[in-house]
Amino acid sequence: EPEVTQTPSHQVTQMGQEVILRCVPISNHLYFYWYRQILGQKVEFLVSFYNNEISEKSEIFDDQFSVERPDGSNFTLKIRSTKLEDSAMYFCASRVDLYTEAFFGQGTRLTVV
Amino acid sequence: AQKITQTQPGMFVQEKEAVTLDCTYDTSDQSYGLFWYKQPSSGEMIFLIYQGSYDEQNATEGRYSLNFQKARKSANLVISASQLGDSAMYFCAMRGKAAGNKLTFGGGTRVLVKP
């Protein structure tokens with residue numbers, strides 16, 4: 001069964017460093033998302049991406065964040081200068097259209113020290 | 001704006017019994033979708049069940065069923081014949097056009113199944 005794949009599963013980084021979280025969505029999906037979940041809290045929307053551009057972003061998604069689909073398969077989230085409060089689980093999700101469920105990757109646990 | 005409320009932070013259920021997880025929502029959309037996801041301790045988000053706002057019948061998927069009461073704006077998840085592997089966090093989520101078709105999640109309910 002096709003699945004959304006995220007790498008790495010765990011990333012520890014020093015405050016101020018740049019990190020890139022990678023996702024390979026399901027191949028025929030057209031809509032891509034990043035969500036994050038701070039430990040013990042609810043899942044929060046970060047950004048949606050369609051047709052090679054951002055379709056919506058939340059107030060969390062400030063200038064420190066960027067997304068890219070550098071080729072036909074990868075979808076990346078970059079955090080330019082990480083802060084302690086960026087520590088969270090980051091989920092990538094994709095869906096084939098707006099009428100079906102989103103499939104989530106297994107998440108990347110980011111720890112900023 | 002859309003909002004999802006899960007009022008039960010945690011609950012215990014005896015193995016083989018049924019459990020109902022509450023979810024209420026608020027939206028200005030006429031057309032929307034309601035979802036339940038399971039998050040085990042390993043952290044991944046597993047899709048369980050979907051209900052469209054215009055679906056007349058309650059959704060069912062194996063041991064999962066969704067008790068959709070549109071007038072009350074509730075979408076409770078029922079897990080029948082609970083198993084130890086059902087112990088996890090459960091999130092109710094909603095998608096609507098007014099919110100850009102992104103998912104809005106509730107705060108989650110932690111379920112612990114007792115043997």
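The values are calculated or read from the model by the stated rules, or taken from the named source; none is laboratory data. Values in this document were obtained by computation on a predicted structure and should not be read as measured data. Neighbour counts are summed over all protein chains in view; Cβ atoms, including those assigned to glycine, are modelled from backbone coordinates with ideal geometry. Accessible surface is based on the protein model in full, side chains and every heavy atom, while ligands, DNA and RNA are left aside. Shrake-Rupley method; radii C 1.70, N 1.55, O 1.52, S 1.80 Å.
Structure notes:
- Taking chain B and dividing mean pair separation by its residue count, relative contact order in percent (alpha carbons under 8 Å, at least six apart): 38
- Over the protein assembly as shown, the Kirkwood radius and the radius of gyration, each from Cα atoms, give a ratio Rg/Rh of 0.97.
- In the B-A interface, the accessible area buried, summed over both sides, Å² (probe 1.4 Å): 1500
- Those GluC sites (Glu not before Pro) in segment B:1-71 that DSSP places in a loop and that have at most 15 other beta carbons within 10 Å: B:GLU15, B:GLU17, B:GLU56
- Rounded accessible area per residue of chain A, 1.4 Å, Å²: 51
- Backbone geometry of segment A:16-32 corresponds, through the Karplus equation with coefficients 6.51, -1.76 and 1.60 at θ = phi - 60°, to 3J(HN,Hα) couplings of x, 7, 8, 10, 10, 9, 10, 9, 10, x, 5, 4, 9, 7, 10, 10, 10 Hz, x marking Gly and Pro.
- For segment B:1-106, the solvent-accessible area works out to 47 Å² per residue, with a probe of 1.4 Å and every protein chain left in place.
- Span from the segment A:43-71 Cα centroid across to the segment B:32-90 one, whole angstrom: 27
- Relative to its Kirkwood radius, the Cα radius of gyration of segment A:1-108 gives an Rg/Rh of 0.94.
- Checking every one of the chymotrypsin sites (Phe, Trp or Tyr not before Pro) in segment B:1-65 against DSSP loop status and a limit of 14 other Cβ atoms within 10 Å picks out B:TYR54.
- ³J(HN,Hα) computed for each position of segment A:35-52 - Karplus, 6.51 cos²θ - 1.76 cosθ + 1.60, integer Hz, glycine/proline x: 10, 9, 9, 5, 3, x, 10, 7, 6, 10, 6, 9, 7, 10, 9, 8, 6, 6
- To put it simply, the accessible area of the protein assembly as shown at a 1.4 Å probe is 48 percent carbon and sulfur.
- In sequence order, calculated HN-Hα J values of segment B:41-53 (Karplus, 6.51, -1.76, 1.60; Hz; x Gly/Pro): 4, 6, x, 6, 9, 10, 5, 10, 6, 10, 10, x, 5
- Among the lysines of the protein assembly as shown, pairs at least eight places apart or on separate chains and with Cα atoms under 13 Å apart come to 6.
- Classification of segment B:1-67 by its C-alpha gyration tensor yields a prolate form. The axis ratio a/c (a ≥ b ≥ c) is 1.5 or more, and a/b outweighs b/c.
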